[in-house]
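Engineer: Got a structure here, written out as structure tokens. Questions coming.
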Amino acid sequence: FPDNYVDQRFLEELRKNVHARQYRYQAVVFQSGAVVQQLCSVCVFVLTWWYMDAGMLSPQGLFGAALVSSLLGYVLFDTVDGGAGRWASGRTRWADLKSTLVFAAFTYGFSPVLKTLTESISTDTIYAMSALMLLGHLIFFDYGANSAIVSSTLSLNMAIFASVCLASRLPRSLHAFVMVTFAIQIFALWPMLQKKLKARTPRCYVGVTVLFALAALAGLATVSSVGAVLFASLLLAISCLCPYCLIRLQLLKDNIHGPWDEAEIKEDLSRFLM
């Protein structure tokens, strides 16, 4: 046969959209809650820093509120699954308490260093670095997708780096200590609780997401009404408009498969690697 020979039955094996996924709007909206949660976390963190820098929030008040919320979250974390996760990990409450005390003592001891760490760097540079780090935190955060770009460790480190940069611009070392501690709570502990709520009690997860978004919007409205409107538009676009666009675009997919596809070896070849 010539090189350009095509059998008459060549197109009979044509298949379209073999691996296309069918999405439901409610399911996509539910999954978008992770993105909304993280955007609100960044918003709450920046607002908290702004309130402390403006002298409208004392470090003692923030530390007390964070301590109470952490205790409530700790109890809720164990209550959601009846302690099954703790039993599987073999970690005791005494071990958790020791880790907390060590972290608090270590951070408090180094808070004067954190306060003076960036004295030689201009404030504009600090703000720019913090914005880039928080943006990177949002990009690399684990939203539940199996992708190479996901890196929980990198995402958390970028958020902590941003918190250290911003904390260094606060009035006293106590402010820096409370700010870094709050960053650990909202960027490390809060997502862990949300993931467990999402897996165990979806309705509770949706309710917490809505309340958290409303709280972030209310706090932002006290600083800038225009910013609150823009942020609300962003959240609505992510949670409502983007899922709709995804489902509509799925109808336009036209992937073709046939004899021209690359060969796939489905046989188990592990015996040849022995």
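Engineer: Counting pairs of alpha carbon atoms under 8 Å apart in space and at least six apart in sequence, what relative contact order in percent does the chain give? Show your work: numbers first, answer last.
Structural biologist: Working: 211 pairs, mean separation 99.0, N = 274.
Relative contact order, the chain: 36 percent.
Engineer: Further, regarding this structure: Can you sort Met56, Met129, Met158 so the residue with the fewest Cβ neighbours within 10 Å comes first?
Structural biologist: Going from least to most buried by this count: Met56, Met129, Met158.
Engineer: Here is a follow-up. Percentage of Cα-Cα pair distances in region 22-118 greater than 16 Å, rounded to whole percent? Don't skip to the answer; put the middle values down first.
Structural biologist: Working: 3525 of 4656 pairs.
For region 22-118, the fraction of Cα-Cα distances above 16 Å is 76 percent.
Engineer: Kirkwood hydrodynamic radius, computed over distinct alpha-carbon pairs, for the chain: how many Å, to one decimal?
Structural biologist: Working: mean 1/r = 0.0449 Å⁻¹.
The Cα-based Kirkwood calculation yields 22.3 Å.
Engineer: Which of Lys195, Lys16 has the fewest other C-beta atoms within 10 Å, and how do the rest follow up to the most?
Structural biologist: Starting with the residue having the fewest Cβ neighbours, the order is Lys16, Lys195.
Engineer: Where the centroid of each part is defined by its Cα atoms, how far is region 53-73 from region 228-245 in Å?
Structural biologist: Between the Cα centres of region 53-73 and region 228-245 lies a distance of 29 Å.
Engineer: Where does each of Val46, Val223, Val178 land when they are ranked from fewest to most other beta-carbon atoms within 10 angstrom?
Structural biologist: Val223, Val46, Val178
Engineer: A further question on this structure: Give me the Debye-computed log₁₀ of I(q)/I(0) at q = 0.09, 0.18, 0.21 Å⁻¹ for region 113-255, equal point scatterers on Cα only, no solvent, two decimals.
Structural biologist: Calculated log10 I(q)/I(0) at the listed q: -0.38, -1.32, -1.47.
Engineer: How large is log10 of I(q)/I(0) for region 177-268 at q = 0.13, 0.18 Å⁻¹ when the intensity is taken from the Debye formula with one equal scatterer per alpha-carbon?
Structural biologist: -0.74, -1.02
Engineer: Okay, moving on. Evaluated at 25 °C with a viscosity of 0.890 mPa s, what Stokes-Einstein diffusion coefficient in µm²/s does region 134-192 have when Rh comes from the Kirkwood expression over alpha-carbon pairs?
Structural biologist: 205
Engineer: Please report how many Lys pairs in the chain have alpha carbons closer than 28 angstrom, counting only residues at least 8 apart along the chain or sitting on separate chains. Mind dumping the intermediate values first?
Structural biologist: Working: Lys16/Lys253; Lys16/Lys266; Lys98/Lys115; Lys98/Lys195; Lys98/Lys196; Lys253/Lys266.
Final tally of qualifying lysine pairs is 6.
The numbers here are math on the coordinates, done by the rules we state, and not lab data. The shown structure was predicted, so the numbers you read here are calculated from the model rather than taken from an experiment. We place every Cβ from the backbone using ideal geometry, glycine too, and count neighbours over all the protein chains shown.
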